[in-house]
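**Student:** After the structure tokens below, expect a handful of questions from me.
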Amino acid sequence: FFFFFFFFFFFFFFYFLQRMLPLAATRLRLFSSRSRSSGHRSCSSLAWATFDPFTLSGKSPARLQNLLGGSWVNAEQTSTVVDPLNGETLLTVPETKGKELDAFAKSLNSCPKSGLHNVFKNPERYVMYGEVCRKAAQEMNKPEVARHMRKLIQRFMPKSDVQADYEVKVTRDFFTNFSGDNPRFTAQGFSVSGDRSGQVSHGLRWPFGPVALISPFNFPMEIPFLQLLGALMMGNKVLMKSASATVGVTEQMIRFLISCGMPPADVDLIHCGGRAMGDLLGAAQPRVLQFTGSSGVAHKLVQLLNGKVRVEDAGFDWKILGPDVLEIDYVAWQSDQDAYACAGQKCSAQSIMFVHENWAKSRLYQQLAYLASKRNIGNLTNGPILSHTNDELLSHIEALRKIPGSRVMFGGNILTGHQIPSCYGAIEPTAVFVPLREILKPENFQLCTTEIFGPFQIITEYKHEELPLVLECTERMEAHLTAAIVSNDKQFLNQVYGNTVNGTTYTGIRARTTGAPQNHWFGPAGDPRGAGIGTRESIRLVWTCHREMIEDFGPVPADFPYTQS
């Protein structure tokens, strides 16, 4: 019995091993393959990518190119882009200047004022751009592409995974929104009946033709490519320059769009310094320039181009906490996000918070300080400040501290234990309290309302009867981009609504100043040069002009008097 038992046991045991081990090995290989795919995917699997953001380093920097007339070209001289976290050279970039600029001016002006397409000329291109957007959204829905793009953003503009993922999402959702027939729907006009048979007037949205786009570093994917696709789908040819720190994102995204069907000759991408770009714009004189960046540069560009500029410039953005104290934890969390996410480097970042006396008695300040203390470079909830040095940041804080009654509420110290190069700032999330009446004094107002593009905000308090002083402060500010009125008190809200002007205003107890998605207008108000982004209305405003066409086919009445007047 035992002999037969062991015989059959070993027989079936070895049979099982023989049959199942190859299957187990196959499954192990499949699991290993899935595990690798859940991490990053090499740029060799993304045909459009010329470098891998996961492996890019100072040991093997990538080389970028200009795009001119549909071809990728180099320049005689080059410059470098460094890693904002450790100073290593990541990119070698064309430094286009001098006579090299002439070819870009010539290419831009090869586009007629009637554009590359309009409602009468090449209308099939509206359909083509709907397909480009569809393919782009489809590709960006692939997890490996989304991860690649998130890392691409983070290598040049360090921000947390959540912030970078959301930027990819907003860009993808924009492409989804403008897939299919939506480019031609965006160019939709209107008709009005005439005075007689055969007469009708048509209001048309008309491209400008040769246009230019200058984009900032803080949202290196979302801002330039929402604006770029808006310009292209309306029939314009675009000369494009992005901030020097984030040119790696721009160039790779252009290559991505070409792989999705965008004609390469529709965009000229130039890498150059600010002075060279000014020379090029002066020579080419685009029909319109959309500029997102500092107010000082915007003012110079308006003069250079005789006003033909659409601007989204500085935003000294305010938040007012109303009399009703609700959802303290949420309001503190949102305020921390508004002031300090992306190290405060958002044009919509919360620059000043007016705190009602009721809120000042709550635990709001303690919660704000606690949330700020959790931010760090390790998870990129704080990071390098690309437009200010540490000396500039500390000088500003020190100047504010000299105002009577002012104090640093939390932060105010330079970060240590990192390798961020000295050309960039690195500071703790900071809040400085300044009394409201001191802010309003002429000698203090400009200092207190200077935008600091970093993790910094001013906090002040007001009594209920002092709301007119708060509204005086908002009236005297010059930048009117975003605002938040944190209250569910309708009468309070109406009073603030009727006496403010900010172009993107969030209200209610969940109001914010940042986090604009693609499903509503985002842009300033109170300025005829103001640009918007993200919606049909913004595209029509920025990238088209109105053309009225009156058809009058007759017939001419037999008894027409032909009276001279």
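**Student:** Short version: ³J(HN,Hα) in whole Hz for each residue of the range 428-444, in order, from phi by Karplus 6.51 cos²θ - 1.76 cosθ + 1.60 (θ = phi - 60°), x for Gly and Pro, what are they?
**Tutor:** So the Karplus estimates, Gly and Pro as x, are 5, x, 10, 10, 10, 8, 10, x, 4, 5, 6, 4, 6, 5, x, 6, 10 Hz.
**Student:** Moving on to the next point. In the chain, what percentage of the DSSP-assigned beta bridges are antiparallel, given to the nearest 5?
**Tutor:** 40 percent
**Student:** Compute and list, largest first, the equivalent-ellipsoid semi-axes of the range 161-241 from the alpha carbon gyration tensor, each √(5λ) rounded to a whole angstrom.
**Tutor:** Over the Cα atoms of the range 161-241, the ellipsoid semi-axes are 35, 16, 8 Å.
**Student:** Treating only the Cβ atoms of Lys and Arg (+1) and Asp and Glu (-1) as charged, compute the dipole magnitude of the chain about its Cα centre; round to the nearest 20 debye.
**Tutor:** 1760 debye
**Student:** Please list Ser406, Ser197 from largest to smallest accessible area, probe radius 1.4 Å, with all protein chains kept in place.
**Tutor:** Order by accessible area, largest first: Ser197, Ser406.
**Student:** Say each of Ile550 and Asn413 gets a label point 7 Å from the Cα, pointing the same way as Cα to Cβ; how far apart are those two points in nm?
**Tutor:** Going from the Ile550 label point to the Asn413 one covers 7.3 nm.
**Student:** Now for a separate question. Considering every Cα-Cα pair within the range 58-149, what fraction, in whole percent, is farther apart than 23 Å?
**Tutor:** 55 percent
**Student:** To continue, here is another question. Given N residues in the range 459-519, what is its alpha carbon radius of gyration divided by 2.2 N^0.38 Å?
**Tutor:** 1.13
**Student:** For the range 264-281, just list the computed ³J(HN,Hα) in residue order, Karplus coefficients 6.51, -1.76 and 1.60, θ = phi - 60°, integers in Hz, with x standing in for Gly and Pro.
**Tutor:** Each residue's phi maps through the Karplus curve to give x, 6, 6, 10, 10, 9, 10, 9, 6, x, x, 5, 5, 5, x, 4, 5, 5 Hz.
**Student:** Same structure, new question: Label the range 36-193 by shape, choosing from rounded, prolate and oblate, from the square roots a ≥ b ≥ c of the eigenvalues of the Cα gyration tensor; if a/c is under 1.5 it is rounded, and otherwise prolate applies when a/b is larger than b/c, oblate when it is not.
**Tutor:** oblate
**Student:** Let me ask something else. Where the accessible area of the range 461-522 is counted over protein heavy atoms with a 1.4 Å probe, how much of it, in %, is carbon and sulfur?
**Tutor:** Roughly 44 percent, rounded to a whole number.
**Student:** Output the relative contact order of the range 471-565, whole-number percent, from Cα pairs under 8 angstrom with separation of 6+ residues.
**Tutor:** The normalised contact order for the range 471-565 reaches 21 percent.
**Student:** Could you pull out every residue, at least 5 positions away or on a different chain, whose amide H is within less than 5 Å of the one on Ile427? Hs are placed 1.01 Å off N in the peptide plane, and Pro or chain starts have none.
**Tutor:** When sequence neighbours closer than 5 places are left aside, the close amide H contacts are Leu415.
**Student:** From the Cα gyration tensor of the range 202-318, with a ≥ b ≥ c the square roots of its eigenvalues, which class applies: rounded if a/c is under 1.5, or else prolate if a/b is larger than b/c, or else oblate?
**Tutor:** rounded
**Student:** Two decimals, Cα atoms only, Kirkwood Rh: what is Rg/Rh over the chain?
**Tutor:** 1.08
**Student:** Then there is this: How would the range 268-358 be classified by its alpha-carbon gyration tensor: rounded, prolate or oblate, with rounded meaning a/c under 1.5 and the a/b versus b/c comparison settling the rest?
**Tutor:** Note, shape of the range 268-358 comes out prolate.
**Student:** Please give, to one decimal in nm, the separation of the simple spin-label points placed at His520 and Glu443, each 7 Å out from Cα toward the Cβ.
**Tutor:** Between His520 and Glu443, the label points sit 4.2 nm apart.
**Student:** Also, quick follow-up: Along its three principal axes, how long is the range 468-562 when you only count alpha carbons? Whole Å, largest extent first please.
**Tutor:** 70, 29, 26
**Student:** Taking θ as phi - 60°, what are the ³J(HN,Hα) couplings along the range 547-553 by the Karplus curve (6.51, -1.76, 1.60), each to the nearest whole Hz, with x for Gly and Pro?
**Tutor:** Result, ordered by residue: 10, 9, 10, 10, 8, 8, 8 Hz.
**Student:** First compute the accessible area of the range 83-231 with a 1.4 Å probe, then give the percent of it belonging to carbon and sulfur atoms.
**Tutor:** 52 percent
**Student:** Report the gain in length on full extension from Ser362 to Asn390: 0.36 nm times residue separation, minus Cα-Cα distance, nm rounded to one decimal.
**Tutor:** 6.8 nm
**Student:** State the percentage of accessible surface on the range 306-442 attributable to carbon and sulfur atoms; use a 1.4 Å probe and exclude ligands, DNA and RNA.
**Tutor:** The computed percentage sits at 49.
**Student:** If the only charges are +1 at each Lys and Arg Cβ and -1 at each Asp and Glu Cβ, what is the size of the charge dipole of the range 36-134 around the Cα centre, to the nearest 20 debye?
**Tutor:** Here the range 36-134 has a charge dipole of around 300 debye.
**Student:** I need the GluC sites (Glu not before Pro) found in the range 275-357, filtered to DSSP loop residues with at most 16 other beta carbons within 10 Å of theirs.
**Tutor:** Glu327
**Student:** May I pose another question? Among Leu305, Gly273, Trp521, flag the residue with its Cα farthest along the positive direction of the charge dipole of the chain, charges on Cβ as +1 for Lys/Arg and -1 for Asp/Glu.
**Tutor:** Looking along the dipole axis, the top candidate is Gly273.
**Student:** Let me ask something else. With bins 10 Å wide starting at 0, give me the P(r) of the range 517-565 over every alpha carbon pair, in whole percents.
**Tutor:** Values per bin, smallest distances first: 19, 28, 14, 11, 18, 9, 0.
**Student:** Say a site is exposed when it is one of the chymotrypsin sites (Phe, Trp or Tyr not before Pro), sits in a DSSP loop, and has at most 13 other Cβ atoms within 10 Å; what is then the longest site-free stretch of the chain?
**Tutor:** With a cap of 13 other Cβ atoms within 10 Å, the longest stretch comes to 121-552.
**Student:** Given H placed on each backbone N at 1.01 Å, which residues far from Gly383 in sequence or on other chains put an amide H within less than 5 Å of it?
**Tutor:** Ala343
**Student:** What percent does the relative contact order of the chain come to when contacts are Cα pairs within less than 8 Å and at least six residues apart?
**Tutor:** Relative contact order, the chain: 16 percent.
**Student:** Sticking with this one: Counting only heavy atoms of protein chains, what accessible area per residue, in Å², does the chain have with a probe of 1.4 Å?
**Tutor:** That works out to 45 Å² for each residue.
**Student:** So who's got an amide H within less than 5 Å of the one on Gly530, skipping anything under 5 residues away but keeping other chains? H placed 1.01 Å off N, in plane.
**Tutor:** Val311
**Student:** Still on this structure, I have one more. Along the charge dipole of the chain, which of Ile550, Thr50, Leu64 sits closest to the positive end, that is, farthest toward it, with unit charges on the beta carbon of Lys, Arg, Asp and Glu (+1, +1, -1, -1)?
**Tutor:** Comparing the listed Cα positions along the dipole, Thr50 ranks first.
**Student:** Please give the calculated 222 nm ellipticity per residue for the chain, where each DSSP H segment of at least 4 residues contributes -39500 (n - 2.57) and the sum is spread over every residue; nearest 500 deg cm²/dmol?
**Tutor:** Computed mean residue ellipticity for the chain: -12000 deg cm²/dmol.
The values are calculated or read from the model by the stated rules, or taken from the named source; none is laboratory data. These numbers were taken from a predicted model, which means no experiment stands behind them. Here the Cβ is made from the backbone with ideal geometry for all residues, glycine too, and neighbour counts use every protein chain on show. Remember, those area values only see protein heavy atoms, side chains included, never the ligands or the DNA or RNA. Shrake-Rupley method; radii C 1.70, N 1.55, O 1.52, S 1.80 Å.
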